[in-house]
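The block underneath contains the structure these notes are about, expressed in structure tokens.
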Amino acid sequence: MKLFINGYNIFLIVLITFVSSIILTPIVKKIAFHINAVDKPDHKRKVHHHVMPSMGGLAIFTSFLIGYMLFAPKTTQMLAILIGGFIIVITGMIDDIKPLPIKAKLVGQLAAAMIIALYGNILLDDMRVFGMRFEFGFLTYPLTIFFIIAIINAINLADGLDGLAAGTSSIYFITIAIIGFIMNKLGGLDVILCLIMLGACLGFLMYNFAPASIFMGDTGSMFLGYIISVVALLGFKTATITSLIIPLLVLFVPILDTILAMSRRIIKGKSIGSADREHLHHQLLKTTKSTSKSVLIMYAINALFAAVSIFYTLGDKKVSMLLYMLLLILFIILVFKTDILFEHSKRGK
């Protein structure tokens, strides 16, 4: 099968962005300390105990730019992705230096999403779910913008333990790339972006996996969420992904965790934007007492959903749906054995 994109071997694309990220991350670490882009301990919502350099996502973004210049097509869609990416990264950098109000971050996210929809014309105008097709008509633009912002914040909330967001994103990128390989769609912009981002994330993960020496900050987590949402929109439009539900299921864990977090805060009468230490990864940490073990368990759960998504592309759709349902049931059982919505002491009352 074809292993080349625009004359470049797919492994070379991953290798160059991987090496770039490895080289750039220590430089970004020094910059972060110099400009005071640091994450300070906070026992109420954070698990680290020392001042940590943040803004590591700048290394991921710069590696992405290198990958773009070398391997990506120079199209209007790609230009829109770059402009939106710059807006997201600048918003994240400002927040990593001096935390922004939630509304200010939403403005940056909204601007980036609007550029993708209005200038890039990358739209969620229909959706295929297990053979059924839904057209959105006049809701196309608002749904596209909502989708991008929702995925950005899902990945942002998943960035709670060393290596979690970078690893989860890497699983997503490699899954979509494998599906592209299976579908013989390696030349699609979505697959190129996945290969570029896979290398950038894995290089950063060398410094970010527990015990981390640098955090990606909102600079990284928002940019990863942004690119993931764009890849999802691009993929099913170019037939690399036969249904938008596939990338959503690959991201099932962070998406459900986001929904549960919002529900939990509403139940407790708090703002949905308030931070806490009750996410699924925090629940696992309470049990395992180990950041690395908790993150590896989260990787495994995400990898299972990713594997079924690949099987859906390859095999029997009905069997795949049954496997999805089985994973969903098992995951829900796991969730309700934690304090993710209610404290155990309150359940019997």
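Looking only at region 168-191, which residues are over 12 Å from the mean Cα position of the chain (by Cα) and either among the small types (Gly, Ala, Ser) or part of a loop (DSSP other than H, G, I, E, B) (or both)? Even if it seems obvious, please write down each step before you answer.
Narrowing region 168-191 to residues over 12 Å from the mean Cα position of the chain (by Cα): 174-191.
Within region 168-191, 177, 180, 183, 184, 185, 186, 187, 188 meet the criteria.
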Give the number of residues within region 295-330 that are of a type outside the set (A, V, I, L, M, F, W, C) and closer than 15 Å to residue 257 by Cα.
2
Scanning for something more than 17 Å from residue 177 (Cβ to Cβ), modelled with pLDDT under 95 and among the polar types (S, T, N, Q), does region 13-31 turn up at least one residue?
no
Can you name the number of the only condition in (1) touching a residue at least 24 places away in the same chain (Cβ under 8 Å); (2) closer than 18 Å to residue 204 by Cβ that residue 65 fails?
(1)
Give me the pairs, please: first residue somewhere in region 298-319 and farther than 30 Å from residue 284 by Cα, second residue anywhere and part of a helix (DSSP H, G or I) and among the hydrophobic types (A, V, I, L, M, F, W, C), beta-carbon distance under 8 Å, and either six or more positions apart or on two chains.
313/179; 313/182; 313/246; 314/182
Every residue from region 279-299 that is crowded, with 20+ Cβ neighbours inside 10 Å and among the β-branched types (Val, Ile, Thr):
291, 295
Members of region 65-107 found to be touching a strand residue (DSSP E or B) at 6+ places or on another chain (Cβ under 9 Å) and surrounded by fewer than 16 Cβ atoms within 10 Å (Cβ to Cβ), listed by number
70
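Can you say whether residue 269 is modelled with pLDDT under 85, surrounded by fewer than 17 Cβ atoms within 10 Å (Cβ to Cβ) and on the phi < 0 side of the Ramachandran plot, as far as the supplied structure shows? First the steps, then the outcome.
Working: modelled with pLDDT under 85: yes; surrounded by fewer than 17 Cβ atoms within 10 Å (Cβ to Cβ): yes; on the phi < 0 side of the Ramachandran plot: no.
No, not satisfied.
Quick check: anything in region 162-184 in contact with a strand residue (DSSP E or B) (Cβ under 8 Å, 6 or more places away or on another chain) and more than 15 Å from residue 14 (Cβ to Cβ)? Before you say what the answer is, go through the steps one by one.
First, pick out the residues of region 162-184 that are in contact with a strand residue (DSSP E or B) (Cβ under 8 Å, 6 or more places away or on another chain): none.
No, region 162-184 contains no residue that is in contact with a strand residue (DSSP E or B) (Cβ under 8 Å, 6 or more places away or on another chain) and more than 15 Å from residue 14 (Cβ to Cβ).
The values are calculated or read from the model by the stated rules, or taken from the named source; none is laboratory data. All of these numbers come straight from a predicted model, not from anything done at the bench. We place every Cβ from the backbone using ideal geometry, glycine too, and count neighbours over all the protein chains shown.
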